[in-house]
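We did not get these values from a lab; they are worked out from the coordinates using the rules stated. If you're wondering where the values come from, they're calculated on a predicted model, not measured in any experiment. All Cβ positions, glycine included, derive from the backbone under ideal geometry; neighbour counts span all protein chains shown.
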Amino acid sequence: MPKARKTSPKKAKAKPYKHPIPDRNALLEYLRDVGQPRRVNAILTDFSIEGAKGRTQLLEKLSAMVRAGQIIQNRGGEYCLSEKLDLISGTVSAHKDGFGFVITDQGGDDVYLSAREMRSLFDGDRVAIKISGVDRRGRPAGKLVEVLERRTEEVAGQFIRERGIGLVIPDNPKIAHRILIPKGESGNARPGQIVVVRILDYPNKFEQPTATVIEVIGDPHQKGIATDIAIHAHDIPTDWPKPVDQQVRKLGRSVPAAAKQNRIDLRDFDLVTIDGADARDFDDAVYCQKSGKGWRLWVAIADVAHYVEIDSALDKEAIRRGTSVYFPDRVVPMLPEELSNGLCSLKPKVDRLCLVCEMRIGADGKVSRSRFVEGVMCSSERLTYSQVDKLLTGEKDHSIPAHLHSAIHELHSLYKVFAVNRQKRGAIELDIPQTKIRLDEQGAVVDIVAESRNDAHRLIEECMIAANVQAAKFLRRHKIAGLYRVHAKPDPDSFDELRQYLLSLGLKVPHPDHVQPRDFNRLIEQVKDRPDSAAISMSMLRSLKHAEYTPKNEGHFGLALDAYAHFTSPIRRYPDLLVHRAIRHIVGGGKAAGYGYDADHMGRLGAVCSAHERRAEEATREVEALLKCQFMEEKMGQQFDGVITGVTNFGVFVQLKENAVDGLVHVSSLTNDYYVFDAVTRTLVGERSGNVYAMGDELQIVVHQVDLETRRIDFRLVSDRQSRRVPTRRRRR
């Protein structure tokens, strides 16, 4: 440890400081001068901070510095400089196979944690680690020094008994621990049931965690509990704290007259919302009119930032949730329904506050000018995608008022020009149908259908992209802290694996160092008439990285854009709310230097929002997997037509044409033969029979087995004669 400076705490105290609470730089300099860890009471005394309010503000400042990795709070409650201890702080991201990574607060590469280091940890814990070397893949490897914060309090899983000992097997695959249930702590739970437990003792290097059962969800085969399991397994907040309820009640149910003052009045514009038939929260409304050879487009977005003030109870809860989570049977909203479905939602025929992006667009589809204004609007109509599609395709449908037809047709004309530009710049076009799970009142699956997109979906998407691009450019132009939606280039190793496979099919594929978005479109065009085109498209999708939120603008690879931000859905996404705040600050006459966020703070919020987005995706994916298993459990022994979408050394994955359900044909169920997996061509080849199974092959299968616990469906082939064959000479080679 470096030698401490001899400056005493009294000298730090004597330094003049014009603000009641020292800023980060002052606190860091103070801790360097003191040269030793300090408790909060000592810091309060040294800076002459008095009163409960001052103590609270200081603690909030110190907590923010801990989250930023600048300081660390040890188990004794003392604050230490990270730089003195040579420690790295961050959040644990666990892997289902037992190891994990630390996503560091300072940014940079994630740090690998072995399964041994993970023995004491849960996914989501905040930790302090030291770099201990590198793993076998050359990544930095860490050693756990201290657990700074436990973020898992409750866990959902299946309760079992082994030799009289109660255990819970967590439903979340990222929690590798078996949780012990002490005698007398199992409540009314019976073996096999899904329960929720509260952690009593966290794991360490020598002992497993212990917990007490606080709720019994039900039997795993029970209909209607899939969402409850996922909510508890992923710790998704569902209850609203009392301060949030109190704040919402004060807002009322209608927009007061005072709030409409000093805003651009758009109530005479025929703004309309266009969403799915089952949508309840309406973030965005659009209006388009011809202007010379081009158009004027207004994209009006709910002004959520007017109601959700920084650091309010509502704001803190919105950060905790990060995003609305859409399950097949319900929505867990980011904001209370009084706002998300009420005061903020752009319902028809009622006044609403909005933040508007007005764009002037030339005949070439390029935005020549744009501005952001605070407005008040009254939506003319709530339209659905199917209604608009019928109007655009000429089908007679009198549900849309005649006075709106012209504006909708102008939207469609503008969309066609946007679509041409999208193609020119090379944005990736992977138009893969989405499956929709239909449930009855008891939560049982009635049907699973694939929903295709039409021009109504696409025109709204292009309008939102246009507004999002202008928002990103606004942030960049004014150099104000905000979150960009960044989609990085494919990882070279992942893309090279895809490249080798596509080359084996005789396709032209660029080198990983030179791949561009338009290359994906060229590949899609090359394979569009092949029977395995859908499987190849899925392989290309898997090679892409996940988009993230970050204050550094690094462009969006998938959309082929050099600047992109999420602006259009502040009701359901916290990053959009942050973008709104930045824009409102500038529109209101503020300067970037006087904004309430800096780049470090925005970076931490970006990491939190990205993590919450992944949490929501994992939870919804697990619910859909369980519901599909329950649906297929009733179809055991039935035959279906399917397509091979993946090939591994242990079998082939098959997707059913009828409902897009995925299952595995295990290699052990194939003809009595030895099967060899070719990683380059992604095929299974029988050594003796010459049977070949490749991506895109069509098969007839039988539903053989369904395992609800592992969410796995096993298929068997109706006949092995469906496979192709390799000539004997080629097999010998």
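Potential lengthening of the chain between His403 and Lys316 amounts to 27.0 nm, from the contour at 0.36 nm per residue minus the alpha-carbon distance. Overall form of segment 87-149: rounded. Here a/c, set by the Cα gyration tensor axes a ≥ b ≥ c, is under 1.5. Spacing of the modelled spin labels on Glu441 and Leu541, each 7 Å from Cα toward Cβ, amounts to 3.5 nm. You can think of it this way: the chain between Ala279 and Ala592 has 109.1 nm of extra reach, that is 0.36 nm per residue less the Cα-Cα gap.
Of the residues Gly603, Phe122, Leu87, the one whose Cα sits farthest toward the positive end of the charge dipole of the chain, with +1 on the Cβ of Lys and Arg and -1 on the Cβ of Asp and Glu, is Leu87. Taken about its Cα centre, the chain carries a charge dipole of roughly 2560 debye when the Cβ of each Lys and Arg holds +1 and the Cβ of each Asp and Glu holds -1. Summary value for segment 154-219: 33 percent relative contact order, contacts being C-alpha pairs under 8 angstrom separated by 6+ residues.
Share of antiparallel DSSP beta bridges in the chain, in percent to the nearest 5? Here the antiparallel bridges make up roughly 90 percent for the chain.
Please say if segment 154-219 is rounded, prolate or oblate, where rounded means a/c under 1.5 for a ≥ b ≥ c the square roots of the C-alpha gyration tensor eigenvalues, and otherwise the choice is prolate for a/b larger than b/c and oblate otherwise? It comes out prolate by the Cα gyration axes.
In the chain, taking the dipole from charged Cβ atoms about the Cα centre, the farthest positive-side position among Leu355, Gln246, His478 is held by His478. Measuring between their Cα centroids, segment 433-510 and segment 107-185 lie 32 Å from each other. Between Arg604 and Gln57, the FRET efficiency from the beta-carbon distance, with R0 = 22 Å, is close to 0.75. Can you bin segment 635-732 into rounded, prolate or oblate? Criterion: square roots of the alpha carbon gyration tensor eigenvalues sorted a ≥ b ≥ c, rounded for a/c under 1.5, prolate for a/b above b/c, oblate for the rest. Verdict is prolate for segment 635-732. Within the straight-line cut-off of under 30 Å between alpha carbons, the lysines reachable from Lys205 are Lys84, Lys96, Lys130, Lys143, Lys174, Lys183, sequence neighbours fewer than 8 places apart in one chain being disregarded.
Each residue of segment 288-304 is assigned a 3J(HN,Hα), and the resulting list reads 9, 9, 5, 9, x, 8, x, 9, 10, 10, 10, 10, 9, 10, 3, 8, 5 Hz, derived from the Karplus form 6.51 cos²θ - 1.76 cosθ + 1.60 (θ = phi - 60°), x at Gly and Pro. Among Leu507, Met377, Ala230, whose Cα projects farthest towards the positive end of the dipole of the chain, with charges put on the beta-carbon of Lys, Arg (+1) and Asp, Glu (-1)? Towards the positive end, the residue furthest out is Leu507.
Stretching the chain fully between Tyr674 and Glu709 yields a gain of 9.6 nm (0.36 nm per residue, less the alpha carbon separation). Each peptide in 255-264, 180-189 gets a packing score, the mean of other Cβ atoms within 10 Å over its residues, and the list from highest to lowest is 180-189, 255-264.
The value of relative contact order for segment 661-705, using C-alpha pairs under 8 Å at least six residues apart, is 22 percent.
Placing unit charges on the Cβ atoms only, positive for Lys and Arg and negative for Asp and Glu, gives segment 635-732 a dipole magnitude near 520 debye about its Cα centre. The value of relative contact order for the chain, using C-alpha pairs under 8 Å at least six residues apart, is 9 percent. The helix-only estimate of mean residue ellipticity at 222 nm for the chain, built from DSSP H runs of length n ≥ 4 each weighted as -39500 (n - 2.57), is -9000 deg cm²/dmol after division by the residue total.
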